[in-house]
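Asks: Quick one: this structure, given as structure tokens, is what I'll be asking you about.
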Amino acid sequence: MTTESPGRTSATAHEPGILLVDDMEDNLVALEAVLGVLQVPLVRARSGEEAMQALLRREFALVLLDVVMPGMDGFETAQRIKRCEQTKDVPIIFLTGAETAQDSGYAYRGYATGAVGYLTKPFDPWVLRTKVAVFLDLHRKNRELRQLREEEQHRLDDFAGRLAAVESHLAAGSTPDTARLARDVAALADALDELRGA
């Protein structure tokens, strides 16, 4: 079952977190110790199946995924993540033991499944924290851009609606109320200036 690290649920319930996927308790504890200072929700999953359930329940900025796990391994889990429309854009960093890292085929498979990084355990805490911080910042900036695009689309939709109302009034064929028409056109001009400024 997936669990969120203690003491991190109340203030950060809606904040995108980091999904830690590993079947070994010691590895999860080590990851939490290294990443706890980043002040983001850390959610555990002990298998690929649990990871998929967690990804469908909430938003994650990053997945740290162990390669060697019983049942569905890290590669299979990554393939499922990348095939799912809801989760395909979540970056994945693979974590693997030193003996596995010696096999260059593992690194190739990791990148071929869509991973953005590959770290060997035991990992350098500073390197891991730095990589994760970069992806958290990237995720935050992408969210801000999405929000700006949505706001811009709302303004464009509002402008189009107002323009359609003026066109409808003109197309009615009756004698136009020039004072009202002048106000509507002036409002449209102001709205257009706002759009240009934004």
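The values are calculated or read from the model by the stated rules, or taken from the named source; none is laboratory data. These figures come from a predicted structure and were not determined experimentally. For neighbour counting, all protein chains shown are included, and Cβ atoms are generated from backbone atoms with ideal geometry for every residue, glycine included. Remember, those area values only see protein heavy atoms, side chains included, never the ligands or the DNA or RNA. Shrake-Rupley method; radii C 1.70, N 1.55, O 1.52, S 1.80 Å.
Let's see how each residue does on (1) touching a Lys or Arg at 6+ places or on another chain (Cβ under 9 Å); (2) of a type in the set (V, I, T):
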{"residue": "A33", "(1), (2)": "no, no"}
{"residue": "R46", "(1), (2)": "no, no"}
{"residue": "A54", "(1), (2)": "yes, no"}
{"residue": "R80", "(1), (2)": "no, no"}
{"residue": "R109", "(1), (2)": "no, no"}
{"residue": "G114", "(1), (2)": "yes, no"}
{"residue": "T120", "(1), (2)": "no, yes"}
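Asks: Right, something else. Output the residues belonging to the stretch 39-59 that are modelled with pLDDT under 95 and assigned to a strand (DSSP E or B).
Replies: Residues satisfying the conditions do not exist here.
Asks: Pull up the stretch 39-59, narrow it to residues that are closer than 10 Å to I81 by Cβ and either of a type in the set (K, R) or open to solvent by less than 10 Å² (accessible area, probe 1.4 Å) (or both), then point me to the one that is nearest to the chain's Cα centre (by Cα).
Replies: L55
Asks: Next question. For residues that are more than 21 Å from the chain's Cα centre (by Cα) and not hydroxyl-bearing (S, T, Y), scanning just the stretch 102-112, find the one that is most open to solvent (accessible area, probe 1.4 Å).
Replies: Initial filter on the stretch 102-112 (more than 21 Å from the chain's Cα centre (by Cα)): 102-109.
If we keep only those that are not hydroxyl-bearing (S, T, Y) too, we end up with 102-103, 105, 107, 109.
Numbers: Q102: 151, D103: 74, G105: 32, A107: 30, R109: 113 Å².
Applying the filter and picking the extreme gives Q102.
Asks: Spot the failing condition for P70; the list is (1) surrounded by 14 or more Cβ atoms within 10 Å (Cβ to Cβ); (2) in contact (Cβ under 8 Å) with a residue 40 or more places away in the chain, and only one is missed.
Replies: Only one criterion is unmet by P70, namely (1).
Asks: Quick check on my filter: what residues within the stretch 113-168 are under 28 Å from E76 (Cβ atoms), open to solvent by 60 Å² or more (accessible area, probe 1.4 Å) and among the basic types (K, R)?
Replies: R129, K131
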